[in-house]
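Have a look at the structure below, then the notes.
The values are calculated or read from the model by the stated rules, or taken from the named source; none is laboratory data. Bear in mind the structure is a predicted one, so any value in this text is a computation, not a measurement. Using ideal geometry, Cβ is built from the backbone for each residue, glycine included, and neighbour counts are taken over all protein chains shown. We work out accessible area using only protein heavy atoms, side chains counted, and drop any ligands, DNA or RNA first. Shrake-Rupley method; radii C 1.70, N 1.55, O 1.52, S 1.80 Å.
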Amino acid sequence: MKLPNEKAMKINIGELLLKAKSLIGLLGLIIAFSILSPRFLDYYNLTNVLRQTSLNAIMAVGMTFVILTGGIDLSVGSILAFSSAVTAGMLKDGMPLIIALLMGLIIGTGLGLFNGFAIIKWNIPPFIATFAMMTIARGLTLVYTNGQPITGLGKAFGYIGNGYVGSIPVPIIITILVFVIGYYILKNNRLGRYVYATGGNLQAAKLAGIDTNKVILFVYALSGFLAAVSGLIITSRLNSAAPTAGQGAELDAIAAVVLGGTSLSGGEGGIIGTLIGALIIGVLNNGLNLLNVSPFYQYIVKGLVILLAIALDKKESE
């Protein structure tokens, strides 16, 4: 005789096993790189891993919300570049720091909203809509910067990417805040339930009275906003806004989300898994750099990781 909640238990156990696989993979990478490179476990290097991971992790939170609704956002790297370039240009022109930061965040959020608008109003598939935005935002960045980096942005702005609160780098603190808020929304807020419902079954969510259009607008606006946050951090750290910033960032964000167990078909997954996935990507990048692996080969390795993540996702959904 089957218990009433046996099916739910099987689903929960499956999700736990997938997260365990990700965690085991992360621990395996840490052990392997610790053996291959004595510098890997150095405190400075581990701090650097977390600081580098923070950029992808923040974007991956927004990507998690998007993918949970059954969508995808290919534009985050270009939105990162354009929003940070505008902020840098305003700072270079002598605008107050707060106004420049707000403008960058508003641009990122606005471009994300436009993605959502194109998807729900014009019925354009998320892949196509965000691919178009990826091209548009990159073009806007090149026009705005004239293809040249914007440098000399001031010490106050530099604190965001290079400062510390006690012994903890500011980017890590921002990442923790983003993850805590994201986790709270998905697990303890009605909006989070709407996100899962929209990705689980769009028509059923509509029949249940959920305004799925608003949910989709929210997740793409959030994705654009968090891409802008990552852009401000990296621009602050480098004291420069490069027109090529964020190229390929969308692949790292998607890989982090899928490696963490969020299904590309939507409705399943969560923030904790995304954090594990982002750490896997960060550790992998750092370890390969320490081993002096050519960047050309690194692309191959990361591509194989993404392929493996999608293959695992497909297998779990069958």
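Brief remarks on what is shown
- Whole-number accessible area per residue in Å² for the chain, which is evaluated in the context of all protein chains at 1.4 Å: 50
- Electrostatic dipole magnitude of the chain [Cβ: Lys, Arg +1; Asp, Glu -1; Cα centre; debye, to 20]: 300
- Per-residue ellipticity at 222 nm from helix content only, as computed over the chain with -39500 (n - 2.57) for each DSSP H run of at least four residues, stands at -26000 deg cm²/dmol.
- Region 144-213 shape via C-alpha gyration tensor axes, a/c threshold 1.5: oblate
- Region 101-115 - phi-based ³J(HN,Hα) in whole Hz, Karplus 6.51/-1.76/1.60, Gly and Pro as x: 5, 4, 5, x, 5, 5, 4, x, 5, x, 5, x, 4, 5, 4
- Between Ile168 and Asn292, the simple label model (points 7 Å from Cα in the Cβ direction) yields a spacing of 3.7 nm.
- Measuring how big region 150-293 is from its alpha-carbon positions, Rg and Dmax come out at 17.7, 55 Å.
- Shape call, region 214-298: gyration tensor on alpha carbons, a/c limit 1.5: oblate
- Contour excess over end-to-end distance, with Cα ends at Thr151 and Lys21 and 0.36 nm allotted per residue: 42.5 nm
- The number of Lys pairs in the chain with C-alpha atoms less than 17 Å apart, excluding pairs fewer than 8 positions apart on the same chain, is 13.
- Shown are Phe40, Phe225, Phe82, whose ranking by accessible area with a 1.4 Å probe and every protein chain present, most to least, is Phe225, Phe82, Phe40.
- Calculated Rg and Dmax of region 246-293 using C-alpha coordinates, Å: 12.0, 39
- Amide H within-cut-off set for Glu268, under 5 Å, with H built and near neighbours excluded: Ser263
- Distance histogram in 5 Å bins (all Cα pairs of region 59-106, percent per bin): 5, 22, 22, 16, 14, 11, 8, 3, 0
- Distribution of pairwise C-alpha distances over region 106-234, 10 Å bins, in %: 11, 31, 32, 19, 7, 0
- A protection proxy built from the mean count of other Cβ atoms within 10 Å ranks the segments 266-272, 249-255, most packed first, as 249-255, 266-272.
- With the whole protein complex present, Tyr164 retains an accessible surface near 100 Å², based on a 1.4 Å probe.
- Our analysis of the chain gives Rg over Rh at 0.98, with the two radii drawn from alpha carbon positions and Rh computed by the Kirkwood formula.
- Largest-first ellipsoid semi-axes for region 49-168, taking √(5λ) over the Cα gyration tensor eigenvalues, angstrom: 27, 19, 12
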